[in-house]
Amino acid sequence: MTTAQEELLPGTRRALLHRIAVAQAEGRAPSLVAAVVRGGRTVWTGARTSVEGQAPDENVQYRIGSITKTFTAVLVLRLRDEGALALSDPLERHLPGTGAGGATVAQLLSHSAGLAAETPGPWWERTPGSLRPDLADVLGERPLVHPAGRRLHYSNTGYALLGALVEKLRGAPWEEVLRREVLEPLGLRRTTVHAEAPHAGGWAVHPWADVMLPEPLEDLGLMAPAGQLWSTAADLARFAAFLSGGDERVLSDESLREMRTPAAPAEAADVTSGYAYCLGLEVRHQHGRSLVGHTGSLPGFLACLTAGVADDVSAVVLANCTSGPAPFTVAADLVRIVAEAEPRIPAPWQPLRETPDPAVLELVGQWYWGTAAFALRLRADGLVSLGPLSGNGRRSRFRPQGDGTWVGLEGYYAGEVLRPVRRPEGAVSHLDLGSFVFTRQPYDKEAPVPGGVDPEGWRGIG
C-alpha cells in the first residue's frame, strides 16, 4: 500500500476494498490488483488473490492488452506535434505499399479506417508473431471491410500499421521509441514489452468448474503496438495522471484533450450504450459520468484504465484471467466510490494576474442571439466563455488569436471565429460568431440583424 493512501477516509478505503473483493470472488479471478489516482497522485491500491498470503502489490506486472494502443497513439501524436505528419495525411504518404494507404492517420487512430478487426489465419493473440513476419501477413488479401471514414469498426491491425508508421518515421523499433519517448520520461520503469519478474501468470478459468488452465504468453511481433505491453497498477496510475493532466516532456495538455475528443462516426448501438472512440482512447458513460481511458485483454489477462476527468479521479484494474470480472465496470465503480464519498474540492477562485485589456472587458456581459440570452465572461486563464444564461444550449470557451478575434475550443463553436464588430465611432455594435449576430438588446435595430428588424418594433397581441 502507498503512503499517500492515508489521504482517503477509512470508509472510502473499505468501500474500495469491498468492491474489488466482490469482483475477484464473483469473477473467479486468480488475482486482481487495483489503484485509484486523485490530484495526479496514487491515493489507494488494493489487491485480492486466491492464494492466501500471496496477494500481488502495485508493482507486480500484468499484461495490459489494448491499453497498449493508447501508448502507440501518444507516439503518433508526438510525431504530429513535431510536424512529421498530419492526422489528415493518408498512410500511403509515409508508409507506401500496404494496400490500406488511402486511410488517414486519424482514421487509423480512431478505428474508422475500414480495416478488418483481426489478422487472417490463426488467432493472433495465442500464436507467435513469427507467423506474421510482414505487414502483408497482418493485413491479408482483403485488409478493408468497410469504406474508410464511414463507421467505427475496431481494428487491431490498424494499430499494427500505426506502429509500423512510428518505426518508419523514427528509424527505430517501436518498443525502443516507446521506451525513450514515453516510458522513461514518465518514470514507467515497470512497463515493458516482455514480462519482467515479479509478474502474474495468465490463466483461463473453466466456466463450469473451479479449475484453471495456463494460457500461452506469446510475443506478438508486428501486432505488438496493438497489445503487447506488460505493466503494473503503479505504472498505469502514473500514466492515468499523465493522460488527465499532460506532461510537456511527452505531450501537451492540449494534445491530450484532442486525444480525449470523440473522433469516429458513432453507430446507433454505441450512442445508446454511451460509447465513443477518440484518438487511442475510449469514452464511456457510467453513473452519469464521462469516463475516458481504455480497456485491454489478452488470453489470461484483463485490464482497464479509466479517468473521470471532471472528478479528477482515475482507476486502474488488472486481473490474470481470460474472462471473469468486467474490468471497466469495476474501474468505473472505483471512480464513483471516491467521487461520491469525497467530492472534488474546487481550487480557490483566482482573479486574472494581469490588468485586462479594456477592449476585452468592454465585450463581457449579456448578449442576445435573437431572443435567447447569453453571457460572455472573461476567465482567469485569459480565455472568454460564451453560454446561455439559463438552461441548456450551445456554449464554448474561446482563445484569443492576437488580432482581436477569438476561436472556439469545443462544442458547436469549435474552430469557429468570434469577431467583435465596431461602429465607425469605435463602440461595439455586435458580435459575429460564424455569421450569427449577437446584440446587446434582443433584435437590436442598430445592429445588422440578418433579415432586418420590423420597423414598428415590439408589440402586444392586440
Taking 279-288, 209-218 and ranking on average Cβ neighbours within 10 Å, highest first, one gets 279-288, 209-218
For region 358-439, what does the relative contact order come out to in percent, with C-alpha contacts under 8 Å and a separation of six or more? 19
One finds, for GLU267 and GLU425 with R0 = 41 angstrom and r their Cβ-Cβ distance, a FRET efficiency to the nearest 0.05 of 0.15
Protection-proxy order for peptides 154-163, 37-46, each taking the mean of Cβ atoms within 10 Å per residue, highest first: 154-163, 37-46
Could you work out the relative contact order of region 289-348, using alpha carbon pairs under 8 angstrom and six or more residues apart, expressed as a whole percent? 29
In nanometres, the difference between 0.36 nm per residue of separation and the alpha-carbon distance of SER130 and VAL407 is 94.8 nm
Looking at region 179-282, which chymotrypsin sites (Phe, Trp or Tyr not before Pro) are DSSP coil and have at most 11 other C-beta atoms within 10 Å of their C-beta? TRP208
Translational D (Stokes-Einstein, µm²/s) of region 175-317 at 10 °C and 1.306 mPa s when Rh comes from the Kirkwood sum over C-alpha pairs? 94
So how long is each side of region 213-286 along the principal axes, counting just the alpha-carbon atoms, biggest first, in Å? 37, 36, 26
Helix-only mean residue ellipticity at 222 nm for the chain, each DSSP H run of n ≥ 4 adding -39500 (n - 2.57), per residue, nearest 500: -7000 deg cm²/dmol
Can you give the percent of C-alpha pairs in region 274-332 whose distance is more than 20 Å? 22
Can you tell me the relative contact order of the chain? Whole percent, Cα pairs under 8 Å, sequence separation 6 or more. 16
Any idea what diffusion coefficient region 262-303 gets from Stokes-Einstein, in µm²/s, Kirkwood Rh on alpha carbon pairs, 25 °C, 0.890 mPa s? 218
As a Kirkwood estimate from alpha-carbon pairs, the chain has a hydrodynamic radius in angstrom of 24.5
Starting from a Cα-only point model with no solvent, please compute log10 I(q)/I(0) by Debye for region 315-462 at q = 0.11, 0.12 1/Å. -0.61, -0.68
Using DSSP to define loop residues, name the chymotrypsin sites (Phe, Trp or Tyr not before Pro) in region 340-404 whose beta-carbon has at most 16 other beta-carbon atoms within 10 Å. TRP349
Provide the packing ranking of 437-444, 106-113, 414-421, i.e. peptides ordered by the mean count of other C-beta atoms within 10 Å per residue, highest first. 106-113, 437-444, 414-421
Antiparallel DSSP beta bridges within the chain, as percent of all bridges there, nearest 5: 95
Based on the inverse mean of 1/r over its pairs of different Cα atoms, what is the Kirkwood hydrodynamic radius of region 358-439, in Å? 12.8
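No value in this document is a laboratory result; all are computed from the given coordinates. Every value quoted in this text rests on a predicted model; they were computed, and no experiment measured them. Cβ: placed from backbone, ideal geometry, glycine included. Neighbour counts: every protein chain shown.
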